[in-house]
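Engineer: First the structure, which I've put down as structure tokens, then a few questions once you've had a look.
Just so it is clear, none of the values below were taken in a lab; they were calculated from the coordinates. Not measured: the values here are computed from a predicted model. Cβ sites come from the backbone with ideal geometry, for glycine too, and all protein chains shown count toward neighbours.
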Amino acid sequence: MQLLADKVCLITGAASARGIGKATAKLFAAHGARIVILDLDAGQAEAAARDIGEGHLGLACNVTDKAACQAAADEVVARFGRIDVLINNAGITQPLKIMDIGPENYDAVTDVNLRGTLYMSQAVIPGMRAQQSGSIVCMSSVSAQRGGGIFGGPHYSAAKGGVLGLQKAMARELGPDNVRVNSVTPGLIQTDITGGKLTPELKVEIAKGIPLARLGVADDVANACLFLASDLSSYITGAVIDVNGGMLIH
């Protein structure tokens with residue numbers, strides 16, 4: 001059963017080969033969606049779209065640039081006629097302690113994770129309101145819920161915590177327009193961002209503190225995004241779905 005037949009799904013930060021965005025794009029395409037991959041580099045975005053298959057689109061977009069977000073959304077509507085799903089996946093992290101966070105660190109992490117989520121959502125909301133349907137999924141993190149302690153610094157926890165507040169407020173405001181807004185809070189997922197820091201010994205150590213006794217993979221998060229993007233979750237908005245293997249139970 002194809003859960004996203006003929007839906008146009010836009011995913012930010014989805015060009016990274018081992019990332020959550022790319023895994024989500026592949027899964028959505030398998031469920032009949034037309035995928036639009038947004039990433040900083042046009043060539044990488046186009047290559048990722050080609051990798052998924054025929055009929056998908058890759059576009060350059062810096063989510064911290066409001067005009068760029070609007071231009072990307074306009075381009076998608078011009079090509080495909082509509083946008084049904086937005087996955088606000090673009091994000092960056094930095095492993096800094098509280099006293100080591102400089103203005104440039106704060107700006108970089110908050111801009112991509114939080115401002116980018118706002119700008120990209122603003123770009124698709126008018127169209128979703130007009131068609132009286134849409135699903136926006138925001139990527140937060142378990143570090144927002146447990147106060148860091150994974151890889152990102154306190155400014156990353158703050159930005160991802162901000163994403164949860166923004167998402168819930170958007171859900172409240174957009175509910176009457178039948179536009180749903182939910183978040184996913186991944187735990188420790190093995191991606192390009194975390195890959196270099198995870199030694200085999202560290203993986204074993206971390207898994208001891210996770211009830212499901214393993215680290216997550218990108219597909220674990222993609223599956224949650226599929227649920228939230230599809231009509232399976234048609235009466236769910238303002239929700240936060242934990243994908244952490246039980247690392248944080250609250």
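Engineer: What residue among PRO186, PRO154, PRO200 has the largest mean-square fluctuation in a Gaussian network model of the chain, using Cα springs under 10 Å?
Structural biologist: Largest GNM mean-square fluctuation: PRO200.
Engineer: Name the trypsin sites (Lys or Arg not before Pro) in the stretch 1-92 that are in a loop by DSSP and that have at most 15 other C-beta atoms within 10 Å, would you?
Structural biologist: ARG18
Engineer: Ok, one more. Expected output is a single nm value to one decimal: the length gained when fully extending between LEU248 and ASP231, i.e. 0.36 nm times separation in residues minus the C-alpha distance. What is it?
Structural biologist: Going from the current span to full extension adds 3.4 nm.
Engineer: Another question, if that's okay. Estimate the FRET efficiency between LYS203 and GLN132 by the formula 1/(1 + (r/R0)^6), using the beta-carbon distance for r and 30 Å for R0, to the nearest 0.05.
Structural biologist: Values: r = 46 Å, r/R0 = 1.52.
Computed FRET efficiency for LYS203 and GLN132 comes out at 0.05.
Engineer: Looking at the square roots a ≥ b ≥ c of the eigenvalues of the Cα gyration tensor of the stretch 33-79, which shape do they give, rounded for a/c under 1.5, prolate if a/b is larger than b/c, or oblate?
Structural biologist: oblate
Engineer: By how many nm would the segment from ILE92 to GLU104 grow when fully extended, if each residue of separation counts as 0.36 nm and the alpha-carbon distance is taken off?
Structural biologist: Stretched out fully, the ILE92 to GLU104 stretch lengthens by 3.0 nm.
Engineer: What ranking do TYR235, TYR106 get, fewest neighbouring Cβ atoms within 10 angstrom at the top?
Structural biologist: TYR235, TYR106
Engineer: With labels modelled as points extended 7 Å from the Cα through the Cβ direction, what inter-label distance (nm, one decimal) is found for ASP192 paired with ALA169?
Structural biologist: According to this spin-label approximation, the distance is 3.2 nm.
Engineer: Under the rule a/c < 1.5 gives rounded, and otherwise a/b versus b/c splits prolate from oblate, where does the stretch 209-250 land using the Cα gyration tensor?
Structural biologist: Here the stretch 209-250 falls in the oblate category.
Engineer: Which distance in nm do the two modelled labels at LEU212 and ARG50 give, with both placed 7 Å along the Cα-to-Cβ direction?
Structural biologist: A separation of 3.5 nm, rounded to one decimal place.
Engineer: Still on this structure, please answer the following. With an 8 Å Cα cut-off and a minimum separation of 6 or more residues, compute the relative contact order for the stretch 8-243 in percent. Intermediate values should be presented prior to the final figure.
Structural biologist: Details: 464 pairs, mean separation 47.4, N = 236.
Answer for the stretch 8-243 is 20 percent.
Engineer: Given the -39500 (n - 2.57) contribution per DSSP H run of 4+ residues, what per-residue ellipticity at 222 nm results for the chain, rounded to the nearest 500 deg cm²/dmol?
Structural biologist: That comes out to -13500 deg cm²/dmol.
Engineer: Report the residues of the stretch 14-45 in range of a label on GLU75: point 7 Å along Cα→C-beta, backbone N strictly under 12 Å from it.
Structural biologist: From the stretch 14-45, the list is 36-45.
Engineer: Using the structure shown, select from LYS168/LYS197; LYS7/LYS168; LYS22/LYS66; LYS22/LYS208; LYS7/LYS203; LYS7/LYS197 the pairs with a Cα to Cα distance greater than 30 angstrom. Don't skip to the end; give the middle numbers.
Structural biologist: On the way: LYS168/LYS197 32 Å; LYS7/LYS168 24 Å; LYS22/LYS66 23 Å; LYS22/LYS208 28 Å; LYS7/LYS203 37 Å; LYS7/LYS197 37 Å.
Table pairs above 30 Å Cα-Cα are LYS168/LYS197; LYS7/LYS203; LYS7/LYS197.
Engineer: Another one. Tell me the net charge near ARG172. Cut-off is 15 Å between Cβ atoms, ARG172 excluded, with +1 for each Lys or Arg and -1 for each Asp or Glu.
Structural biologist: After counting each charged neighbour, the total is +1.
Engineer: I need the helices of the chain that pass two filters: whole DSSP H segments spanning 20 Å or more by Cα along the axis, and mean Kyte-Doolittle score no lower than 0.0.
Structural biologist: Span-like helices in the chain: 66-80, 116-131.
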